[in-house]
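Peer 1: Take a look at this one; I'll ask things after.
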Amino acid sequence: MVLTSLFKYAAYDVCDLLPIACFGFFAFALQISTVLFINQQMKQEDSESPSLCGYINFFQVLGDMESEGLITQQEKRIIKQKLTIKEPSLMLLLSKQQEETQIKSELLSLLSSFQMTRSKSHTQEFSSSKKQGQQFQTQTIQLMDQLIIQLKCMQQYANQQVIESSLLLHQITQDFKSKIEQLRNILDSLDQDEDVDQSYVELLQSNYQQIKQRYSRYMNSLLELMDEKVEPKDIQAFLNTFLNQLIGCQTYSFILLKDQKVQIHQEDKFEEFQITKDVLDDLVNLQQITEVHSLNTLKQYYQSPNNFILKLTDYQYFVMQLDPNFMSFVMLSKKYNYMDSLIELAQFVIYTSQQIKVQYFSILSIGDTVLEFGLEIVRCSKYLLIENILQTINKQYQIHEIFENQPNVITLKFKDSSSQHLFASNLDLKKQQDLLIYNTVNQIYQRYQQFIKQCYERMQFYKYFLRSKNLFMIDFDKQGRLRFLSRALSQKIKMQFHIEKIQIDSTYKQIFIQNQQMLQNIENYISNAKWKLTQQEEDQNKPYEIFIRKEEKHFKGFTLILLENEWVRKKTQPPTNGKTIKQQLLQTETLDYIKKLEEFNPDIRNSVVAMYMPQIQECNSNAQQTQKTPTLVFRKIDKGQVVGKNSFFFKQREEERRFMKTNPNKFNESHLTLREEDSQLDSLDFNIHLVIFITSIQIKSTVEKQRIVWSMLERNNFNQMFALPQDKLINFLIEMESQYNMNNNPYHNFDHGVAVMQAVNCFIKSLTNQLDQQFFNNITKFCLLLSALCHDVAHTGKTNAYEANSISQLAIRYHDKVILEQHHAATTIKILRDDQTNILCNFSDQDFRTFRKQLISNILSTDMQEHFKMLKEFESRIEQYGNDPEDLSLLCGMITHAADFNGTARKWPQSRLWSDKINQEYRAQYAEEGKKGYPQQPFMKDLDKLHVMSKNEIGFIKVIVRPLYHQMNQFGKGAFQVCVDNLDETTFEWEKVYQQELKAQQQQGNQ
C-alpha cells in the first residue's frame, strides 16, 4: 500500500524525479538480484522435495500438536501458510525422516523464528497490529535515504566534470530534497492513519475454520456403525452424535399425538397421558422453535435446561436439548429460511428411531439418506458463517439491510443467502483496514462455497460404494486419518489384510500395523511424484487399489478400495445363459444378505427366524450332542386320511349329503346368501374368531366360515364367471374344512385358511385401488383366493424339520424337500380332481393345467426357506416390474406369502391371539421331540414363559414379517401401510409385555 502510494504521489511531477531514475533502478535491481538468488536456493532445495508420505506425517503431527495444546489454531494456520509458499526451513524439515517428537521440537523452534507467540489459550483478543505498515514505512525511508546519498555522489561527480552546471545541479538537488521531505511526511501521516488491525481478520479466519472443521466431519459419524455387531442402542448413539455434529443437539426426544393421547418418546423412557385442551393449545399453536420450559403442560417432563421444541406436523413434535455453545444454527433457521430442512431431518430421526424398535435392518439401508441429510445441513451451514461474519464486523461497522441494490453503496454480497442486500454505512474501501476486511469476508465465503461443492462431490463418490456388494472403500484424509468407511469389513477381508479393528480417527498405519507389506505398498503409491496410480501389468490381480485424491492440484488424501470376491477381476468367459447368471447373482445376494443378518444379529439362529434360514434342518452340533439318539420311527397315516374316491371321508360325505337338506347344522344351499356385514371382508378389521360367538353351537360357526368363503367368491362374481357348480362348491368347502381340522391344530386349521384367503382379498383390492392399475386378470385373482384358502390344507401341526427328523411318510414321499408345502398342494389338486368336489369341472384341460401350475406355485411360495430369496428377488424387481409372466408369478407368490402372516399383521388384540395359537403348536412339538429323542428346535424352548415368547415374537416381526410387508408397501405405494402400522404397534405392545415380565421376575427374585 505504501509503495503504491509512493508511485501515486510521485506521478504528479515525473520530471522532478528524472535525476534519480538511474539510481532508483539500481536499488530495485539490487533487491531483484537478492530475490532471484533466494529463489535459486529454494529451487535447489525443491529438487529434494518431500514425498506425500512426508506431507501426511507432517499434517498428522501438526494436528496432534494443536489437540495437545502445544500450538494454537492461529499458529497452525500460519504454519500452513508458510508451507504453501514453500518456506525453505519447513521444506527441509519435511524432507527429513524423523521421529514425531523431533518434528514437534523443530516446529516449536521454527515458530520462534517466525516471530509467533505460542499460547495454549484458544481465545483471541483484539489488539492493534502495525507490523506490516511499519515494515513498508522502514523500507521506504531507507530507500529514500539511499537515494539522497547517491544524489550527493552524483553532485560531487558533476562538480568534477561539469563545473559550469553546478548552480543548476544545486538547485535541482534542493528541490529534490524538499520534495523527498514532503513525501516522507505524507507517508508518515498515511501510515499512521492506516494502521491495520489484524485481529479482525484473525477472528474471521478462526470462525471460518471452526465451522468448516465441524461440518467436514459429519460423515465420520457413520463410522460408529461400522462394526460387526450393531444393536439398536448403537444406532441410537449414532443418531445423537449425528445430530450433535450437525445442529448442536445433544439429546433428542419426540412427542406424538395418537389415539387421544400424548406419547413422549425419550431415549430411556416412555410416558403417555390423555390429551387435554391445554396441551392442544400449547402444541398445535406453535409457530416457531420454542423453549419447552415456556409450555406449562410439558415442562414437568423436561427438567434439564436448553430443551427446545419444533413442530413437524399437528401430531408430531421434535424436542432438542441444544448445546449452549452451539444454539445459533437452530435459532437462525427461520431467519434464513431453512426450517424445512430441519423438519425433514427431525422426521428422518423419528422414523429411524421407530424403525430400530420394530425391524432389524442394515445401517447401509439408511447410509444414503444420512449422507443426503447431512449434506443439506452442510449447505445451510453457510448461513451460520454469514451470521458469524456479520456479528464480528458489526463491532466496528454498522450493518444495514436494504431490499434492492443501491448505487454508490458498498454491498456485502453473499450469494444464495437471501433477496436482501447488506451494507456497512461506514465502510470505505479507500482505507487499507476496510479493504482488507472486505476482501477477507469475500474470500472466506467463497472458500466455504467451494468446501460445500467438494462435499457434494465426495458424497456422490461415497454413495457409489455404499451400494456396492463386493467393494469396501476406506477413505483417508491428508493427515492419513480414517475419514469414511463404506461398510463394516467382513471377517474374510480382515483376515486377508490382517486388520484387527477399525476405530474413528485411526490412521492407515494403525489399521495395517500387522501388515507391513500393505503399508509399504500404500506409501509407495502415495509417494509417487505425479500423484496418480501407475500400476504395472503384474499388479492387475491385486485385490486392492489405491487412488490419490487432489483438489485444485493440492493433495487431499487417498482412497483404498478392497475387493472381497477375487473372481470379479479374473478374465473368464461369461456364461451365455442370462437366466443362469441372474439366478446365480440372486442366490449370491441372498446368501450375502443372510450372512450379514447373522453377523449383525447373532441370536437369530436360536430364534423362530431359524425356520426361515436355508438348511435349518441341521441342528446346532452342540445341541445335537445333548439329544438322545433318535429312534427310527415311521409315522403312520390312517387310511381314512388318504384323499380319493375310496376315502373314508368321501364315503362319510356321501352319506351326509343324503341328509343334508333335513340337517340345518350342515352347510347347504340355504346358507348361500349375502349379508350386509360381508362388506367387512374387504378390510383387515375382519376377525375370524368373532364368528365363533355368533351362536353357542360350534357346528353353526363352522357353517358360517364356509359361507364366508362362498361370499368372497360371490362378491367377486367368480361363481358365475367360472360357472362353479353350487353342489360341488358346497362339497369342496366341507371337504376343505374337514381336511384342515382333522388334527385339531390350534393354529393350522380352517380358521387360518379362511383368514389368509380374506387377507388376499383385501390385498388385491388395496393394490388395485392404490395403484389404479389392474395387475391381475380374473382367473389370476380366482387362483390367488383359492391358493390362499388351500395353502395349509391337511397340515400335520408340525414343522418340516420335525417331519424330516421323524422320517415320516410325507418326508419319504417328498425326499425331505418342502415337505408340507408339497403335501398341501398335492392334497388340493386331489380334491379338485374328485368328481364330487371338482369346482373347476367347466375348465378346459389347458385352462386347468395353467390354473394348476399357478396354484402350486402360490402354495409353494409359502415355504419358509424361500423367504429371503423371494424378498431379494422382489426387491430387485420393484422398479422394473412389468408384464413378464415371471414378474406376475413372483407378485402372486409374494401376496400369498405375506397373507400367510396376516394374523401378525392385524391389530394387536387379534395379533396376540394368533401368536398364542402358533406357540401352542410349537410347545407341543418341542415336548414331543424331547419325548421321542428327535433334535429339538432351540426357539421352541420355554415358550410357556411369557418373556421368552414375547422376545421371540419381537424378533420374528423385526427380521421376517415387517421387512416383507415393508417391501410390499413400497411396491404398492402405501397399499400395505395399515399392516405396517399394525406391526409397529404389535412390536411395541410385545416390548411392553417383555419389560413387564422382566420387571415382575426381578421383583420375585428380590423377595
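The values are calculated or read from the model by the stated rules, or taken from the named source; none is laboratory data. Small disclaimer: the values here were computed from a predicted structure and weren't measured. Here Cβ is always computed from backbone atoms with ideal geometry, including for glycine, and neighbour counts include all displayed protein chains.
Peer 1: Give me a count of the residues in the range 805-828 that are basic (Lys, Arg) and in a helix (DSSP H, G or I). Steps first, answer last, please.
Peer 2: Going through the range 805-828, the residues basic (Lys, Arg) turn out to be 813, 817.
Now restrict to residues that are in a helix (DSSP H, G or I): 813.
Of the residues in the range 805-828, 1 are basic (Lys, Arg) and in a helix (DSSP H, G or I).
Peer 1: Note down all Cβ pairs under 8 Å where the first residue falls in the range 983-994 and is in contact (Cβ under 8 Å) with a residue 40 or more places away in the chain and within 19 Å of Leu684 (Cβ to Cβ), the second is aromatic (Phe, Trp, Tyr) and part of a helix (DSSP H, G or I), and they're at least six residues apart or on different chains.
Peer 2: From residues that are in contact (Cβ under 8 Å) with a residue 40 or more places away in the chain and within 19 Å of Leu684 (Cβ to Cβ), the pairs are Leu983/Tyr965; Glu985/Trp908; Thr986/Trp908; Glu989/Trp908.
Peer 1: Just name the residue that is nearest to Lys463 (Cα to Cα) out of those in the range 371-407 that are basic (Lys, Arg) and at pLDDT 80 or above.
Peer 2: Going through the range 371-407, the residues basic (Lys, Arg) turn out to be 379, 382, 395.
Pick out the ones that are also at pLDDT 80 or above and you get 379, 382.
Details: Arg379: 18, Lys382: 23 Å.
The qualifying residue nearest to Lys463 (Cα to Cα) is Arg379.
Peer 1: Moving on to the next point. Just the residues that are exposed (fewer than 11 other Cβ atoms within 10 Å of the Cβ) and modelled with pLDDT under 75, please, taken from the range 653-692.
Peer 2: Across the range 653-692, the qualifying residues are Glu655, Arg658, Phe659, Thr662.
Peer 1: So which residues in the range 970-1007 are of a type in the set (S, T, N, Q), under 23 Å from the mean Cα position of the chain (by Cα) and surrounded by fewer than 21 Cβ atoms within 10 Å (Cβ to Cβ)? Give the derivation first.
Peer 2: The first filter runs over the range 970-1007 and keeps only residues of a type in the set (S, T, N, Q), leaving 970, 977, 982, 986-987, 995-996, 1001-1004, 1006-1007.
Of the ones still in play, those that are also under 23 Å from the mean Cα position of the chain (by Cα) are 970, 977, 987.
Within the range 970-1007, Gln970, Gln977 meet the criteria.
Peer 1: Kindly list the number of the only condition in (1) crowded, with 19+ Cβ neighbours inside 10 Å; (2) farther than 15 Å from Leu674 by Cα; (3) out of contact with any Phe, Trp or Tyr (no Cβ under 8 Å at 6 or more places or on another chain); (4) not polar (S, T, N, Q) that fails for His748.
Peer 2: (3)
Peer 1: Please go through the range 864-893 and pick out each residue that is of a type in the set (S, T, N, Q) and in contact with a Ser or Thr (Cβ under 7 Å, 6 or more places away or on another chain).
Peer 2: As a first pass, look at the range 864-893 and keep what is of a type in the set (S, T, N, Q): 865, 876, 880, 883, 889.
Once the filter is applied, which keeps residues that are of a type in the set (S, T, N, Q) and in contact with a Ser or Thr (Cβ under 7 Å, 6 or more places away or on another chain), the range 864-893 yields only Ser889.
Peer 1: Something else about it: Counting just the residues of the range 703-725 that are surrounded by fewer than 17 Cβ atoms within 10 Å (Cβ to Cβ) and out of contact with any helix residue (DSSP H, G or I) (no Cβ under 7 Å at 6 or more places or on another chain), which one comes out farthest from Leu672 (Cα to Cα)?
Peer 2: If we take residues in the range 703-725 being surrounded by fewer than 17 Cβ atoms within 10 Å (Cβ to Cβ) and out of contact with any helix residue (DSSP H, G or I) (no Cβ under 7 Å at 6 or more places or on another chain), then Ala723 is farthest from Leu672 (Cα to Cα).
Okay, residues lined up against (1) assigned by TED's automatic domain parsing to the domain that holds Gly972; (2) buried (at least 23 other Cβ atoms within 10 Å of the Cβ); (3) assigned to a loop (DSSP other than H, G, I, E, B):
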| position | (1), (2), (3) |
| --- | --- |
| Asp727 | yes, no, no |
| His752 | yes, yes, no |
| Asn769 | yes, no, no |
| Gln773 | yes, no, yes |
| Ser787 | yes, yes, no |
| Asp792 | yes, yes, yes |
| Tyr802 | yes, yes, no |
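Peer 1: Determine which member of the set Lys798, Lys781, Lys817 is farther than 29 Å from Ile839 by Cα and either crowded, with 19+ Cβ neighbours inside 10 Å or at pLDDT 95 or above (or both).
Peer 2: On the way: Lys781 fails: farther than 29 Å from Ile839 by Cα; Lys817 fails: either crowded, with 19+ Cβ neighbours inside 10 Å or at pLDDT 95 or above (or both).
Answer to the check: Lys798.
Peer 1: Return yes when Phe273 is aromatic (Phe, Trp, Tyr) and more than 21 Å from the chain's Cα centre (by Cα) and no when it is not.
Peer 2: Criteria met by Phe273.
Yes or no, residue by residue, for (1) within 18 Å of Gly797 (Cα to Cα); (2) at pLDDT below 90:
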{"site": "Asn919", "(1), (2)": "yes, no"}
{"site": "Phe939", "(1), (2)": "yes, yes"}
{"site": "Leu946", "(1), (2)": "no, no"}
{"site": "Glu953", "(1), (2)": "no, no"}
{"site": "Ile957", "(1), (2)": "no, no"}
{"site": "Val961", "(1), (2)": "no, no"}
{"site": "His966", "(1), (2)": "no, no"}
{"site": "Val978", "(1), (2)": "no, no"}
{"site": "Asp984", "(1), (2)": "no, no"}
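Peer 1: Can you name the condition, by its number, that Gln479 falls short on among (1) within 18 Å of Gly374 (Cα to Cα); (2) modelled with pLDDT under 85?
Peer 2: (1)
Peer 1: Only one of Phe851, Phe843 is over 24 Å from Met742 (Cα atoms) and either in a helix (DSSP H, G or I) or modelled with pLDDT of 95 or more (or both). Can you tell me which?
Peer 2: Working: Phe843 fails: either in a helix (DSSP H, G or I) or modelled with pLDDT of 95 or more (or both).
Just a single option satisfies the conditions, and that option is Phe851.
Peer 1: Can you find, within the range 294-351, the residue that is farthest from the chain's Cα centre (by Cα) among those that are farther than 23 Å from Lys258 by Cα and among the basic types (Lys, Arg)?
Peer 2: Checked the range 294-351; the qualifying residue farthest from the chain's Cα centre (by Cα) is Lys335.
Peer 1: Looking at (1) at pLDDT 80 or above; (2) more than 23 Å from Leu375 (Cα to Cα); (3) assigned to a loop (DSSP other than H, G, I, E, B), find the lone condition where Gln496 falls short.
Peer 2: With respect to (1) at pLDDT 80 or above; (2) more than 23 Å from Leu375 (Cα to Cα); (3) assigned to a loop (DSSP other than H, G, I, E, B), Gln496 is out only on (3).
Peer 1: Right, another one. Consider the range 871-923. How many of its residues are over 29 Å from the mean Cα position of the chain (by Cα) and of a type in the set (A, V, I, L, M)?
Peer 2: 4
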